[in-house]
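A short worksheet on the structure shown next.
Where a number appears in this text, it was derived from the coordinates with a stated rule and is not lab data. All values reported here derive from a predicted model rather than from experimental measurement. We place every Cβ from the backbone using ideal geometry, glycine too, and count neighbours over all the protein chains shown.
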Amino acid sequence: QPVRLEDYRPAPYRIDTVDLDIRLDPQATQVTARLRLARNEGTAAGTPLVLDGDGLTLTGLALDGRPLPGTAYAARPDRLDLFSPPAEPFDLEIVTRLDPDSNTALMGLYRSSGTWCTQCEAEGFRRITYFLDRPDVLAVYTTRLEAPKHEAPVLLANGNPVDAGEIPDSDRHYAVWHDPHPKPSYLFALVAGDLARVTDRFVTRSGRPVDLAIYVEHGKEDHCGWAMESLKRSMAWDEAAFGCEYDLDVFNIVAVSDFNMGAMENKGLNIFNDKYVLADPDTATDQDYAHIEAVIAHEYFHNWTGNRITCRDWFQLCLKEGLTVFRDQEFTSDMRSRPVKRIADVRLLKSHQFPEDAGPLAHPVRPKTYREINNFYTATVYEKGAEVVRMLKILVGDDAFRSGMDLYLRRHDATAATIEDFLACFAEASGEDLTQFALWYEQAGTPQVTASSRYDGDARTFALTLSQQLPPVAGQGEGKPAAIPIRFALIGPNGQDMAYDRTSGGAVSGDVIHLTERSQTIVFSGVSQRPVPSLLRGFSAPVRLETDLDPHDLLFLTRHDGDPFNRWQAVQELATRDLVRLSAAAQAGEPLRPDAAFVTALGEILDDERLDAAFRAQALHLPGEADIAREIGRNVDPDAILAARTALRKAIARAHGDACAETVLDLAPTTVFSPDAASAGRRALKNLALGYVAVSGLPDAADMVIRQFDTADNMTDRLAALTILVHEGIDGADEALAAFRDRHARHALAIDKWFTVQATRPADATPAAVRALTGDEGFDWGNPNRVRSLVNAFATGNQTQFARTDGAGFDLVAEAVLQLDERNPQVAARLLSAFRSWRALEPVRARRAEAALHRIAARETLSKDARDIVDRCLQ
Ligand code: ARG
Ligand code: ZN
């Protein structure tokens, strides 16, 4: 039965302190938890205490120092009931025994390459000991770890180190850590193993010295430099941007190779998927460098937004995640190019969150109900959650936003808060009524905004009509109108933003139109010439915008819009319209004739040296196949979409092949590799141009790609060339794959890229190739990174092969889901959600997908995680 937000009740008991004594052993770890408990106000004396468990074995239980008789409690793997606890505060000592080696779900305490580590968010602490495993129970933790010295010379837990030593007459040693900041159980962590350490130091602005350390496998020390630099930049940025200072004497990061997600913000002891820590030019791409910088920042920023202020319950997940994603996006914008970062984030939002919001897995940013909370770490909670914070900032203004944040950080420090608490701070700081704005947290689905306009030259007026509509999704009825901030400008024939005298009929303040009704018409007067409206600048709201701008207007915007985001958006809009048209033609078996005016405009952008390289790369990067499918929305035929996209790419390549080849030569590396944003932007443009060269028909096209593959001194260039060779089926692709494999054989994260290149190849042979690769010696079903880079990459990055008409793609993924589910439900459920857009497919493919889903649903022993997703997909 689902958990419902409206059923929230505070816990009957509180836990003030937790003392853990953990004796680590591969198969028989003993955990002794001493809890100081007390009745909460309003709890009647004698109210039973019910603690959460998950697969636990109880081996001892004592109350105030005395063992409890069997009649006083009931212990099951999933709960511990104490029938009548004392009325006064009491101590409970709980002893459990765990088997970390057989923990393949990677939740709770497990081992990764011999290192003991933990993952407790969302409900993993209950796999370690019985507890009130909910985020509103905050306690002060002291953790003693004991392990064999040779196996685990490094012993880490949350907080500051307070004691360490040897156990006499044994090969064991111990360490004690104390975390003075009260925290929920999901932020608990320990790490024990034989790890190398890279250290540095940061002094906070009020003078607190902090010892920084990154722990990695021996031999990987020199791949930690970028992560450490990113950490120091994050710490300085959070002080400057939000006044948030670090609050412990140490900050530790550990990289592990088996990890269900990206990383985890455990207090003072962040645990990372090694993919988001390790980087050197030979094995990491520019994208990897950017991700590392962003994820290090994200986890660090959680120290305030997440840890000092945590969530009252899991429905409030976006309180910490949406806000922290917003903060890491702002950090990256300050470190790199703000417009390019915005474009990248909007691309991600549209490709991941929009489809989620349009299908059976749609849910509000703050869900109202869940069956398995791990299935709600979604693009909607994270990315749309960040968009909502971004809109809030537009709505209240920069100054009130900052004072609202200050108020939030002060008022709710050391508590577990709600979205209402958060919004109240901004309402107070700004004096605005945020009632309508709060709907962004309540309603699922992407609002559709339609804009149309009329210029009256005699009256010198420009009338703009905006209307909004929320499509019905996932069982949600018709929605209420949302508060949508639309940044805009009116652009005159000279390409400059135009002035006007005044407006009537709608709320315009500065450069923002506030759309709050179903439909509003704003009349601008004193408009001397017909303007082209530039709407939703900077993507000021997460909506789909449909305008009545004709191709001529859009071309005008691609040349003149002063807002770089909207300039990019105009290019995308033209590309999308053409690709949707070409897809329909392909589906109808008609000839494909790409739009020549658009192709010309792209050439201008490619040649425009006033635009920075990263921006030009974003502009020349056509919408992906999934983006086109989303725009088409129904009766989707992925083969037609691929044909359309290929035709447009070829037309661009034929028209601008020489210019692209020149770009490749001009931007060829001349200095030693540097991962900075400007250099990365040049590589992005060069590699995009190389992709066009490959399909240009130029006589030396293949040679150029092979030459880059052979001579590249960095992973970005090598992988770009390899991908082109393999995906375009160029002679030499097989040799290149073999060479890549040899070169990186001992580097799992590089081999992941080798898996992905092959899994995403749009060719009939791919499903069989993927099956064969699961037998590769570098593949491991137990490692989430391997599974994601091969199977998830196939399911989400290869539209035509995943959605084959013969069902072979769906079958492959369904089998993988069933196989994974027994071992790691979270990873299985994530893979399964690749089916979420199946109903939008044309009937033959849709029936194949449905059959595969039914086969999964038929397994009776399916995990709660997978059951939840498959049921919603079939609903
Ligand atoms: N809080 C982590 C982060 O955003 C992610 C934890 C994901 N947990 C999960 N069970 N999926 O950085
Ligand atoms: Zn997070």
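Take 528-538, 466-476 and order them by the average number of nearby Cβ atoms within 10 Å per residue, most first; the result is 528-538, 466-476. Remark: spin-label model distance Arg36-Ala240 equals 4.1 nm, labels positioned 7 Å along the Cα→Cβ axis. For the stretch 658-785, rounded, prolate or oblate, judged on the Cα gyration tensor with a ≥ b ≥ c (square roots of eigenvalues), a/c < 1.5 rounded, else prolate if a/b > b/c? Since a/c reaches 1.5 but b/c is at least a/b, the shape of the stretch 658-785 is classed as oblate. Label the chain by shape, choosing from rounded, prolate and oblate, from the square roots a ≥ b ≥ c of the eigenvalues of the Cα gyration tensor; if a/c is under 1.5 it is rounded, and otherwise prolate applies when a/b is larger than b/c, oblate when it is not. Prolate, since a/c reaches 1.5 and a/b exceeds b/c.
Rounded to the nearest 10 degrees, the angle from helix 638-666 to the longest Cα principal axis of the chain is 80 degrees. To the nearest ten degrees, helix 398-411 and the longest principal axis of the Cα atoms of the chain are 10 degrees apart.
Proximity of backbone amide H atoms, modeled 1.01 Å from N, is registered between Asp25 and Gln30 at under 5 Å, excluding neighbours fewer than 5 places apart on the same chain.
Taking a point 7 Å out from the Cα of Ala414 in the direction of its Cβ, the residues of the stretch 274-316 whose backbone N falls within less than 19 Å of it are 303-312. Computed from label points 7 Å out along Cα-Cβ, the spacing between Ala584 and Asp734 is 4.3 nm.
Using the alpha-carbon centroid of each, what span in Å lies between the stretch 770-802 and the stretch 712-734? Answer, in whole Å: 19. Sites listed here are GluC sites (Glu not before Pro) in the stretch 795-875 whose DSSP assignment is loop and whose Cβ has at most 12 other Cβ atoms within 10 Å: Glu860.
Between the helical axis of 225-242 and the longest alpha-carbon principal axis of the chain there is an angle of about 90 degrees. Using Cβ point charges alone (K and R +1, D and E -1), the dipole size of the stretch 164-302 about the Cα centre works out to roughly 460 debye. Only one residue of Val813, Pro784, Gln799 has its Cα farthest out toward the positive end of the dipole of the stretch 749-817, where Lys and Arg carry +1 and Asp and Glu -1 on Cβ, and that residue is Gln799. Qualifying trypsin sites (Lys or Arg not before Pro) in the stretch 707-811, where qualification requires a DSSP coil assignment and no more than 15 other C-beta atoms within 10 Å, comprise Arg746.
If you average the C-alpha positions of the stretch 531-592 and of the stretch 828-875 separately, how far apart do those two centres end up, in angstrom? Between the Cα centres of the stretch 531-592 and the stretch 828-875 lies a distance of 33 Å. Think of the chain as a dipole: +1 on every Lys or Arg Cβ, -1 on every Asp or Glu Cβ, centred on the Cα centre; then among Val388, Ala768, Ala702, Val388 lies furthest on the positive end.
Positive-end ranking of Gly624, Leu156, Thr450 along the dipole of the chain, with charges on Cβ about the Cα centre, is headed by Thr450. Exposed loop positions in the chain were taken to be chymotrypsin sites (Phe, Trp or Tyr not before Pro) whose DSSP state is not H, G, I, E or B and which have at most 15 other beta-carbon atoms within 10 angstrom. Between these positions, the longest stretch is 84-875.
Centre-to-centre separation between the Cα atoms of the stretch 392-459 and those of the stretch 595-666: 36 Å. With a threshold of 24 Å on the Cα-Cα distance, the over-threshold entries among Lys232/Lys350; Lys320/Lys350; Lys220/Lys384; Lys220/Lys275; Lys320/Lys393; Lys350/Lys864 are Lys232/Lys350; Lys220/Lys384; Lys350/Lys864. Calculated mean residue ellipticity, 222 nm, the chain: -12000 deg cm²/dmol, from DSSP H runs (n ≥ 4) at -39500 (n - 2.57) each, averaged per residue and rounded to 500. Taking Cβ atoms as reference points and 14 Å as the exclusive limit, the residues near Asp78 contribute a net charge of 0, counting Lys and Arg as +1 and Asp and Glu as -1. The residues neighbouring Asp742, those whose beta-carbon lies less than 15 Å from its own, together hold a net charge of -1 under the Lys/Arg +1, Asp/Glu -1 convention.
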